[in-house]
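What follows is a short report on a single structure.
The values are calculated or read from the model by the stated rules, or taken from the named source; none is laboratory data. What you are looking at is a predicted structure, and each value in this text was computed from that prediction instead of being measured. When we count neighbours, we look across all protein chains shown, and the Cβ atoms used for this are built from the backbone with ideal geometry, even at glycine. All accessible areas refer to the heavy atoms of the entire protein, side chains included, with ligands and DNA or RNA removed. Shrake-Rupley method; radii C 1.70, N 1.55, O 1.52, S 1.80 Å.
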Amino acid sequence: MNLNKLFAAQDMTVGPPWRRITEFAVPMLIGNLAQQLYSTVDTIVVGKYVGDLALSAVGSAGPILNLMLALFVGVATGAGIVVSQYYGAKDRENLAKAIGNCLTLSLIASIVTMIVGPLATRPLLELLGTPESIIDWCQSYLTIFFLGAAGFTFYNILSGILRGMGDSLSALAFLLLSTVLNIGLDIWFVAGFHMGVPGVSLATILAQMLSAVFCFLKLINMKSVFELKRSDLALAKAHAMRIIRLGVPSGITQAIFSVSMLVVQSLTNSLGEMVIACNVIVMRVDGFAMMPNMTFGNAMGVYAGQNVGAGKVKRVHDGAKQGVALATSTAAVITIVLVFFGKNLMYLFTDTEELIELSIRMLRILAAGYIAISVSQVLGGIMRGAGDTVSPMWISLFTTVGLRLPLAYGLAYLTRCPEYPNGRPEALFGSMLITWTLGMVIHYVVYRVGPWKKNLPMESNERSHS
């Protein structure tokens, strides 16, 4: 087997769509699972070595972290779309300029986050009513993470660029290496040096910096695809604005989701420390369960981007059908596993039996919605890959703000009882299930009749490769 060919850019404009999607998605899925392992190892280590309060602290910090990092997600999405379309069109010059502008925008985003993040952390935690017992831990965890934001930023941008050219294996290899380092540093800092919650955030940023360095070295050596010159790093209005125009709606989508999570976190905090810890555990397991859905969504974005760039419209539609079949089949298997065996996962995080029982009940509510969200992710990925990042943004705005928040608070009000005077925890997870189901319906309607089709080139006389 030719390793150079294996770890190279892949052309997704030829061959059976389902095969190209699978070949690209599997390495990316493993990589996404490894990245999710970062936060999960943090949770397991602090839960086992420090206690349930530390577990709650790491979980309560999550929504704020996601909100502050939404800008990076947006730039990475815009970068992936632009790169995939230029790569599909075989336009070396514009590909190099787009990548150079991505690197410069990443540097600017990192500097902004390193300044704003630490200053905004404490006020946000206080605004959310974070319990006094965990607020200092939350602040230290977030401050360290934001000061080391460059590693997270550049890894996500650079791996997004590699994936936009169809190379998901290189990003996987670098991420697996840093994951091993993260696990080792987590245990060393927390169990060995007794650094507590700050130790896990320090371990994470050091590991992410390593993966970013390897991604950069790989990128600058892909001279057969493009050649990056110093002049390409200068911000060019056409390229920078295109990346921002495509990326900002995705960043806003992530920010909307994060803001809604912050508001829901405020409700979660009012339900007590047991429910906070339950939410942490369920969201960690959910993070793994959602990875295939997110992976198929990202894979479909790259697939659609390359084929739109190549003018192969029929392959876009063929890929959408086959992508939905792959994603829903995978989601069905995950749902069955979690419903019947999910309880065994809970023991990784805590030995408290009451917390385990509460967590598995909540997880089974969420598991019912994984098939619905798999459809949403695939169709949303197709729209973004075609250059329409606005439609998914509006769908997210409606489902997370217009639907999820009123549902969560309304169900909490209706389920008040002596045991849970501010509402039962089922309100948190039931509202999410309803939101996912309606989101699937809306994504399907918009895919069928939405404005994303305006971005498609004129139908060419292409041959079917299905």
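A few comments on the model shown:
- Residue-level accessible surface for F340, protein heavy atoms, 1.4 Å, Å²: 150 Å²
- Stokes-Einstein diffusion coefficient of the stretch 319-466, Kirkwood radius over Cα pairs, 20 °C, 1.002 mPa s, in µm²/s: 122 µm²/s
- Angle between the chain longest axis and helix 313-346 axis [Cα atoms, degrees, rounded to 10]: 20 degrees
- In sequence order, calculated HN-Hα J values of the stretch 366-380 (Karplus, 6.51, -1.76, 1.60; Hz; x Gly/Pro): 5, 4, 5, x, 5, 5, 4, 6, 5, 5, 4, 5, 5, 5, x
- Leading residue at positive end of dipole, the chain (Cβ point charges), from V248, L433, L177: V248
- Computed accessible area, L407, all protein chains, 1.4 angstrom probe, square angstrom: 40 Å²
- Furthest towards positive pole of dipole, Y86, I135, I111, structure part the stretch 49-181, Cβ charges: Y86
- Accessible surface of the stretch 87-153, 1.4 Å probe, proportion on carbon and sulfur as whole %: 68 percent
- Ratio of Rg to Rh over the chain (Cα coordinates, Kirkwood Rh, two decimals): 0.96
- What you get for the stretch 304-417, charging only the Cβ of Lys and Arg (+1) and of Asp and Glu (-1), is a dipole of about 500 debye around the Cα centre.
- Note on the chain: with charges restricted to the Cβ of Lys and Arg (+1) and Asp and Glu (-1), its dipole about the Cα centre is near 1820 debye.
- Over the chain, DSSP H runs of length four or greater, each weighted -39,500 (n - 2.57), average out per residue to a 222 nm ellipticity of -27000 deg cm²/dmol.
- Note on L177 and I111: their simple-model spin labels are 2.9 nm apart, each label 7 Å out from Cα toward Cβ.
- For the stretch 258-352, the convex hull spanned by the alpha carbon atoms encloses 112 Å³ per residue.
- Virtual spin-label span in nm between V445 and E426, 7 Å along Cα→Cβ: 2.9 nm
- Among 49-62, 158-171, the order from most to least packed when residues are scored by Cβ within 10 Å on average: 158-171, 49-62
- Eigenvalues of the alpha-carbon gyration tensor of the stretch 158-261, scaled by 5 and square-rooted, set the equivalent ellipsoid semi-axes at 31, 21, 12 angstrom, largest first.
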